[in-house]
Amino acid sequence: MADDYYKILGIDKQSSASDIKKAYRKLALKYHPDKTKGDKVLEDKFKRISEAYAVLSDPEKRNQYDTYGSTDFQQRFSQEDIFKNFDLGDIFKEFGFGGGGRGRQRGGFSSMGGNSFSQGMDGGFGQQRRPMKGRDLEYELPLTLEELINGTKKTITINQGGTAKAIEVKIPKGLIQGKKIRLTGKGETSPNGGPAGNLYIKSNPIPENNYTIEGNDILFAKPVTMTQALLGDTIEVVTPVGKTFNLKLPPGTNHKSKMRIPGHGIPHMKGNGCGDLFVVVNINMPGQLTREQKKLIQQLSETGI
């Protein structure tokens, strides 16, 4: 697990630049190699707090760290990147360590000044620039209900390394909203020869008349008349992929009642069956009545209906 720079310094993400500096000074006074007398564990702790300070004291690096998170940040940025323009000698002088002389080492840990804190270290921080992984990309792809059920192939265009690039994407069945597929190495190129980032495809289902998607289930709004709901009837339902069912509508069916057709929803991506299709009864109330209809309704009302 990558180090959490805020926890290492004992501060939180809302801490000001002054808070960060105070926290580092307190820890640096405690764990500076001049005081730890060659204790490798404590020297390593000093390296970690110095690395945390190098990042959090620099507004641009801190913003990158907060954006990417600790693990992704440390995959993207080498020690050379982290300690660029970080002069430990000047910081030691400022904190009262008496000079911060150049070239002095103890137990593999260098307290050298200079342009890079990683200069002169043998082991703990490495001296070679580690290739950075390219940035991951995310693409939101509109998909019809039929495409969610059957899967499809799509050609999309992304910006990769400043160049528009067309990519054919195989969309599996069941790529409902909230699910992603990953295309390894199809993200942005690395700035220094490292691996390219990944491309993540997200589904954005296209709304369709009378259909609502809830997870892997499909809700189909079926309009019926008031008399159909009262007396019962056989209603025809056509699924999104064109299959026809004749369903028995029981007498006295209420508005928004649901009838379930198992296994005719959207497939699960892992191949474990499908969701269900629910037929939702929508009772259409007439906006206007003829004189004859009013008369009949009044007669019905006299029976207690």
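The values are calculated or read from the model by the stated rules, or taken from the named source; none is laboratory data. The structure displayed is predicted, hence computed values, not measured ones. Reconstructed Cβ throughout: ideal geometry from the backbone, glycine too, with neighbour counts over all protein chains shown.
Restricting 98, 38, 10, 69 to those that are at positive phi and modelled with pLDDT of 85 or more reduces the list to 10.
Within region 161-182, being in a strand (DSSP E or B) and among the β-branched types (Val, Ile, Thr) holds for 163, 167, 169, 171, 181.
Considering every residue within region 248-262, establish whether at least one is in a strand (DSSP E or B) and β-branched (Val, Ile, Thr). Checked against the condition, which is being in a strand (DSSP E or B) and β-branched (Val, Ile, Thr), region 248-262 yields at least one hit. Of all residues in region 190-210, those satisfying the criterion of being modelled with pLDDT under 90 and touching a Pro at 6+ places or on another chain (Cβ under 7 Å) are 190, 192, 193, 194. Being in a loop (DSSP other than H, G, I, E, B), surrounded by fewer than 12 Cβ atoms within 10 Å (Cβ to Cβ) and at pLDDT below 95, is that true of even one residue in region 211-226? Taking every residue of region 211-226 in turn, none turns out to be in a loop (DSSP other than H, G, I, E, B), surrounded by fewer than 12 Cβ atoms within 10 Å (Cβ to Cβ) and at pLDDT below 95.
What are the residues in region 248-263 that are surrounded by 15 or more Cβ atoms within 10 Å (Cβ to Cβ) and more than 19 Å from residue 214 (Cα to Cα), if any? Those that are surrounded by 15 or more Cβ atoms within 10 Å (Cβ to Cβ) and more than 19 Å from residue 214 (Cα to Cα): 249, 253.
Within region 14-33, the set of residues being part of a loop (DSSP other than H, G, I, E, B) and at pLDDT 90 or above comprises 14, 15, 16.
Summed over region 161-176, the residues that are touching a strand residue (DSSP E or B) at 6+ places or on another chain (Cβ under 8 Å) and at pLDDT below 90 give a count of 2.
Is it the case that some residue within region 181-202 is in contact with a helix residue (DSSP H, G or I) (Cβ under 7 Å, 6 or more places away or on another chain) and surrounded by fewer than 18 Cβ atoms within 10 Å (Cβ to Cβ)? Checking region 181-202: not a single residue is in contact with a helix residue (DSSP H, G or I) (Cβ under 7 Å, 6 or more places away or on another chain) and surrounded by fewer than 18 Cβ atoms within 10 Å (Cβ to Cβ).
Of all residues in region 1-47, exactly one satisfies the criterion of being over 24 Å from residue 64 (Cα atoms), among the hydroxyl-bearing types (Ser, Thr, Tyr) and in contact (Cβ under 8 Å) with a residue 12 or more places away in the chain, namely 31. Selection of region 23-42 for residues being under 17 Å from residue 9 (Cβ atoms) and not hydrophobic (A, V, I, L, M, F, W, C) yields 24, 25, 26, 30, 31, 32. Annotation: of all residues in region 277-305 being closer than 18 Å to residue 235 by Cα and either modelled with pLDDT of 90 or more or basic (Lys, Arg) (or both), the one that is surrounded by the fewest Cβ atoms within 10 Å (Cβ to Cβ) is 284. Of all residues in region 260-276, those that are under 22 Å from residue 224 (Cα atoms) and modelled with pLDDT under 90 total 0. Taking the listed residues 5, 31, 53, 65, the one that is surrounded by 18 or more Cβ atoms within 10 Å (Cβ to Cβ), farther than 30 Å from residue 190 by Cα and of a type in the set (Phe, Trp, Tyr) is 31, with no other qualifying.
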